Every structure is written in structure tokens, then in C-alpha cells.
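For reference, the structure is listed below as C-alpha cells.
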Amino acid sequence: MQVVPLRSQPPARAATPRGAAKSTATAAPHAAAAAHPATAHAAKPADRPVTTDDADLIERQAAFDRFMQMRAELDREANALRELAMEQIKRDDSIMNAWIKLI
């Protein structure tokens, strides 16, 4: 998972007078940046130093990732045990059918 730095304020925008239409030359870069916010800020370094809130958020994200990895491993193990149990039941059924045929 990629950690994206958080911003305390929205990015500064060029001020336009009320009622004035933006030119297409100045609107195009903003439109490209607004297309996907995560990619617009990915190339920029963080505007401010990491605070304790940011560090706490990063730690919580890492703990969540570890929890999800552990849960995925437990799910894989449960699926393997379920498949093993199903194979055993099939073998037991075939043995029971063989005994019934003998009678």
C-alpha cells in the first residue's frame, strides 16, 4: 500500500475576479490535476513535515495491513482444512458403499 502525505489545506488556486471566465490555457492544467487527485500530488514532496497525527494514521494503516494479512492467512488455512475434510468424507462414502456392496 502506498502512503500518500496528507495536506492540512487544499492547494492554493489562482484567484479570478468574480464574473470573469477562466481562459482555456489556465483551465487545462487545473482540469488535468483534478482528473485524479492521488496522481496530481504523488510527484510533489510533502508540503509540511509529518505530524504526530500523520504518524498515528500511518501506524494505524500498517496495523490494519498486518491484520488483513493475518486474516487472509487464516482464511487460506480454513479453506485447506475444509477441502481436506471434504476429501475424507468422500473416501468414507466410498468405503461405506464398498461395505454395502458386500452385503
Could you work out how far apart the two model spin labels at ALA55 and TRP99 are, taking each label as a point 7 Å from the Cα in the direction of the beta carbon, and quote it in nm?
6.6 nm
Inter-label distance for ALA78 and ASP47, nm, one decimal - labels placed 7 Å from Cα along Cα-to-Cβ:
4.4 nm
What's the ranking of 77-88, 54-65 by average number of surrounding C-beta atoms within 10 Å, highest first?
54-65, 77-88
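Every number in this text was worked out from the coordinates using simple rules, so none of it is lab data. Just so you know, these numbers come straight off a predicted model, no measurement behind them. Neighbour counts are summed over all protein chains in view; Cβ atoms, including those assigned to glycine, are modelled from backbone coordinates with ideal geometry.
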